[in-house]
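Q: Mind having a look at this structure? Questions to follow.
The values are calculated or read from the model by the stated rules, or taken from the named source; none is laboratory data. The model shown is predicted, which means the values in this text are computed figures rather than measured ones. Cβ: placed from backbone, ideal geometry, glycine included. Neighbour counts: every protein chain shown.
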Amino acid sequence: MKIEEIIQERRTIHRFLNEPVDTELLSEALDLARWAPNHKNTEPWRFAHIGPEVKEQILQLNLGLDPNMGSLKKEKMIHNYRSKHSLLALGCTRSENIKESRENYASVACGVQNISLYLWAKGLGCKWSTGRITEQIELYEWIKWSSAEIEIVGFLWVGKPEIIPPAPKRKGLEQVLINTP
Ligand SMILES: Cc1cc2nc3c(=O)[nH]c(=O)nc-3n(C[C@H](O)[C@H](O)[C@H](O)COP(=O)(O)O)c2cc1C
């Protein structure tokens with residue numbers, strides 16, 4: 001695949017096959033995140049590969065967040081969390097400096113894109129999610145990350161796509177580019 005095909009064809013995957021992710025491949029992808037640009041070499045990315053015990057804890061916490069959750073949504077959530085594909089927490093090191101915090105978050109995003117593109121080229125899909133579950137304080141205790149040092153900026157689901165959704169519409173380049181004199 002050409003790099004432009006990988007970039008354009010990569011999609012956020014919402015439904016995965018119930019298959020484990022090759023851990024070596026996942027390590028390779030995470031290793032590539034380390035090569036993302038990062039201002040002042042802060043290397044702000046942190047990753048936690050969530051094991052089955054903590055995954056179940058997160059599921060139970062998530063189910064409890066919405067006591068009025070419909071049975072279909074509940075069923076889908078349980079299926080997703082108990083399926084064999086991978087769940088990672090995405091961490092970003094904190095800074096007291098607002099500009100550095102923004103730049104750290106930007107670098108984590110660059111790293112996540114490295115991961116997503118590499119895995120896509122290898123036939124695996126990802127979903128970066130920032131739902132309410134990713135903001136729960138319990139996660140820090142379970143992952144053993146200090147919330148004073150690291151901010152969880154989302155989850156990354158990784159696995160073999162069951163369905164590849166169509167590409168969401170994008171603005172044309174002319175709508176986002178200005179050429180100044
Ligand atoms: C920082 C960030 C947070 C996201 N959070 C969610 C989320 O919580 N739920 C979700 O379904 N998709 C989430 N996405 C995926 C976007 O919805 C997705 O990238 C967008 O629809 C464009 O689709 P594409 O990735 O297939 O091009 C997130 C993406 C980013 C970059």
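Q: Can you name the number of the only condition in (1) assigned to a loop (DSSP other than H, G, I, E, B); (2) within 16 Å of the ligand (Cβ to nearest atom); (3) of a type in the set (A, V, I, L, M) that residue 7 fails?
A: (1)
Q: Related question: Within region 10-52, can you find the residues that are charged (D, E, K, R) and either surrounded by fewer than 13 Cβ atoms within 10 Å (Cβ to Cβ) or assigned to a loop (DSSP other than H, G, I, E, B) (or both)?
A: Of everything in region 10-52, those that are charged (D, E, K, R) and either surrounded by fewer than 13 Cβ atoms within 10 Å (Cβ to Cβ) or assigned to a loop (DSSP other than H, G, I, E, B) (or both) turn out to be 10, 11, 19, 22, 24, 31, 34, 40, 43.
Q: Name every residue in region 137-154 that is of a type outside the set (A, V, I, L, M, F, W, C) and surrounded by fewer than 17 Cβ atoms within 10 Å (Cβ to Cβ), in order of residue number.
A: 138, 141, 144, 146, 147, 149
Q: Sticking with this structure for a sec: State yes or no: is residue 67 modelled with pLDDT under 95 and assigned to a loop (DSSP other than H, G, I, E, B)?
A: yes
Q: Here is a further query. Restricting attention to region 114-132, and to residues there that are within 18 Å of residue 4 (Cβ to Cβ) and either within 13 Å of the ligand (Cβ to nearest atom) or assigned to a helix (DSSP H, G or I) (or both), which single residue is nearest to the chain's Cα centre (by Cα)?
A: Taking the candidates together, the pick is 116.
Q: Follow-up. Tell me yes or no: at least one residue of region 94-105 is more than 15 Å from the ligand (Cβ to nearest atom), of a type in the set (A, V, I, L, M, F, W, C) and assigned to a helix (DSSP H, G or I).
A: yes
Q: Filter region 108-132 down to the residues that are buried (at least 21 other Cβ atoms within 10 Å of the Cβ) and more than 16 Å from residue 26 (Cβ to Cβ) and list them by number.
A: 108
Q: Considering only residues that are within 15 Å of the ligand (Cβ to nearest atom) and assigned to a strand (DSSP E or B), which ones fall in region 133-160?
A: Once the filter is applied, which keeps residues that are within 15 Å of the ligand (Cβ to nearest atom) and assigned to a strand (DSSP E or B), region 133-160 yields 151, 152, 153, 154, 155, 156, 157, 158, 159.
Q: With the condition kept exactly as written, say whether any residue in region 62-74 is more than 15 Å from the ligand (Cβ to nearest atom), acidic (Asp, Glu) and closer than 30 Å to residue 148 by Cα.
A: No, region 62-74 has no match at all.
Q: Can you tell me which residue in region 161-173 is nearest to residue 28 (Cα to Cα), limited to those that are more than 10 Å from the ligand (Cβ to nearest atom) and touching a residue at least 24 places away in the same chain (Cβ under 8 Å)?
A: 161
Q: Does residue 93 count as surrounded by 13 or more Cβ atoms within 10 Å (Cβ to Cβ) and of a type in the set (Ser, Thr, Tyr)?
A: yes
Q: Let me ask something additional. Show the residue pairs meeting these rules: Cβ distance below 6 Å; 6+ apart or different chains; first residue within region 98-125 and in contact (Cβ under 8 Å) with a residue 60 or more places away in the chain and hydroxyl-bearing (Ser, Thr, Tyr); second residue surrounded by fewer than 22 Cβ atoms within 10 Å (Cβ to Cβ) and part of a helix (DSSP H, G or I).
A: 118/32
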